[in-house]
Amino acid sequence: MSTIIYYFTGTGNSLKIAKDLAGNLKDTKIIQICKRTVEAFEDTRSDKIGFVFPVYFRGLPHLVRRFIENMPINRDTYYFAVANYGGYPAISFKQISNILDSRGGRLSAAFGIPMPGNMWFMYYPHPKQDFIDRINDQPKETYKIATAILNRTEVEIEDIINYSAEEAIYNSFKPNDMDKYFWTEKNCNGCGICAKNCPTDNIKIVKCRPIWQHKCEYCLACIHWCPQHAIEYKRDSVNKERYHHPDIKIHELSR
Ligand SMILES: Cc1cc2nc3c(=O)[nH]c(=O)nc-3n(C[C@H](O)[C@H](O)[C@H](O)COP(=O)(O)O)c2cc1C
Ligand code: SF4
Ligand code: SF4
């Protein structure tokens with residue numbers, strides 16, 4: 001029976017997990033959650049449907065939440081969630097579970113995979129060995145998750161002890177106009193890669209420079225993938241290393 005995996009990614013960790021899951025599960029389609037797919041659902045009928053996403057401010061990226069809130073739901077589908085994060089999944093599974101419950105579906109299983117944290121002010125400096133260990137462990141973790149999915153294993157969501165404190169952090173995340181703090185160094189060459197890779201089509205190139213349109217999801221794809229390292233966020237990112245998953249190629253981002 002077929003599987004559909006919807007993924008959202010900024011720096012490629014979620015895409016790597018989605019690709020590996022698809023390789024293990026076979027007969028699986030992976031579809032990016034982005035401006036285009038949020039506006040028009042491509043395919044939502046399947047025996048198993050999964051969501052692969054990074055944790056943002058303790059919960060779901062806003063676009064992922066909107067996507068699940070609006071997608072057609074099938075009562076008999078096995079829905080699963082695979083979160084990846086620098087810390088822990090926090091309230092993200094509960095959020096999906098609540099949305100599906102309210103719409104006649106059910107989250108059957110929730111899995112988590114620690115990955116390199118891509119937010120410099122939360123995770124930098126990040127021990128290099130920890131990055132490497134997480135990248136190396138992910139395929140094994142993904143294989144175990146795929147086996148559980150193939151068997152339609154039910155995996156309960158763990159209770160969050162301080163749910164309301166975590167929810168307060170989530171509610172403080174207002175990404176849309178955080179892009180007003182992005183700026184470009186002189187070495188920006190106007191290549192347009194940042195605009196092409198933005199999942200929300202939030203960047204226009206005007207006079208060879210990116211101009212952000214205040215529909216940002218704060219996925220950090222633009223800043224981490226710029227080949228010139230020319231994008232900065234306030235002074236926070238200056239002289240800090242950029243990160244993207246080593247096995248994901250830049251052209252894979254804009255599927
Ligand atoms: C805006 C933002 C907020 C984040 N918040 C959290 C968080 O609350 N908890 C956590 O464990 N990781 C957090 N992270 C780290 C990401 O979840 C992690 O690096 C993830 O693997 C990135 O996946 P991607 O490469 O698919 O974008 C955050 C990252 C970003 C960009
Ligand atoms: S990807 Fe970097 S160099 Fe290319 S236009 Fe964007 S900011 Fe400039
Ligand atoms: S502008 Fe940058 S951070 Fe914002 S959604 Fe687009 S790629 Fe992500």
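The values are calculated or read from the model by the stated rules, or taken from the named source; none is laboratory data. Predicted model only: the values in this text are computed from it and were never measured. Virtual Cβ from ideal backbone geometry, glycine too; neighbours counted across all protein chains shown. Note: accessible area is taken over every heavy atom of the protein model, side chains too, but ligands, DNA and RNA are not part of it. Shrake-Rupley method; radii C 1.70, N 1.55, O 1.52, S 1.80 Å.
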Under the classification rounded if a/c is under 1.5, otherwise prolate if a/b is larger than b/c and oblate if not, where does the range 178-253 fall, given a ≥ b ≥ c as square roots of the Cα gyration tensor eigenvalues? rounded
Long-range amide H contacts for K215: which residues qualify at under 5 Å (H placed 1.01 Å from N, peptide plane, sequence gap of 5 or more or a different chain)? none
At a Förster radius of 22 Å, what calculated FRET efficiency corresponds to the Cβ-Cβ distance of Y143 and R242, to the nearest 0.05? 0.15
5 Å is the cut-off here: which amide hydrogens, built 1.01 Å from N in the peptide plane, fall below it relative to A81, excluding neighbours closer than 5 in sequence? F51, A109, A110, F111
Which percent, nearest 5, of DSSP beta bridges in the chain are antiparallel? 25
Beta bridges per DSSP with both ends in the range 23-144, % antiparallel, nearest 5: 5
For the chain, give me every cysteine whose Cβ has no other Cys Cβ within less than 4.7 Å, ordered by residue number. C34, C188, C191, C198, C208, C216, C219, C226
Tell me the label-point distance for the pair N187, S172, using the 7 Å Cα-to-Cβ offset, in nm and rounded to one decimal. 3.4
Taking protein heavy atoms only, a 1.4 Å probe, and rounding to whole percent, the accessible area of the chain owed to carbon and sulfur comes out at 51
The chain: angle of helix 13-25 to the longest principal axis, Cα-based, in degrees nearest 10: 30
Where labels lie 7 Å past Cα in the beta-carbon direction, separation of E252 and C208 in nm: 3.2
Using each residue's phi in the range 45-52, evaluate 6.51 cos²θ - 1.76 cosθ + 1.60 at θ = phi - 60° and report the 3J(HN,Hα) Karplus result to the nearest Hz, with x for Gly and Pro. 9, 6, 5, 10, 10, x, 10, 10
Beyond 29 Å (Cα-Cα) in this structure, taken from K19/K180; K180/K249; K35/K140, we find K19/K180; K35/K140
Which whole-Hz couplings ³J(HN,Hα) result when phi for each residue of the range 81-88 is put into the Karplus expression 6.51 cos²θ - 1.76 cosθ + 1.60, θ = phi - 60°, listed in order with x for Gly and Pro? 10, 10, 8, 10, 6, x, x, 7
GluC sites (Glu not before Pro) restricted to DSSP loop in the range 97-194 with at most 16 other C-beta within 10 Å: E154, E156, E158, E185
Whole-Hz ³J(HN,Hα) from phi, Karplus 6.51 cos²θ - 1.76 cosθ + 1.60, for the range 127-141, glycine and proline x: x, 4, 4, 5, 4, 5, 4, 5, 5, 6, 6, 4, x, 5, 4
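Once you sort the root eigenvalues of the Cα gyration tensor of the range 95-164 as a ≥ b ≥ c, which label holds: rounded (a/c under 1.5), prolate (a/b larger than b/c) or oblate (the other case)?
Because a/c hits 1.5 or more and a/b fails to exceed b/c, the range 95-164 counts as oblate.
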Average accessible surface area per residue within the chain, 1.4 Å rolling probe, Å²: 47
Ordering 202-208, 90-96 by per-residue average of other C-beta atoms within 10 angstrom, highest first, gives 90-96, 202-208
Can you give the helix-only mean residue ellipticity at 222 nm for the chain, where every DSSP H stretch with n ≥ 4 adds -39500 (n - 2.57) and the sum goes over all residues, rounded to the nearest 500 deg cm²/dmol? -9500 deg cm²/dmol
Highest average packing first - 77-83, 23-29, 222-228, Cβ atoms within 10 Å: 77-83, 222-228, 23-29
Here, trypsin sites (Lys or Arg not before Pro) of the range 38-89 satisfying both criteria (DSSP loop; at most 15 other Cβ within 10 Å) are R45, R75
At what distance in nm do the modelled label points of K35 and E69 sit from each other, each positioned 7 Å from its Cα along Cα→Cβ? 1.9
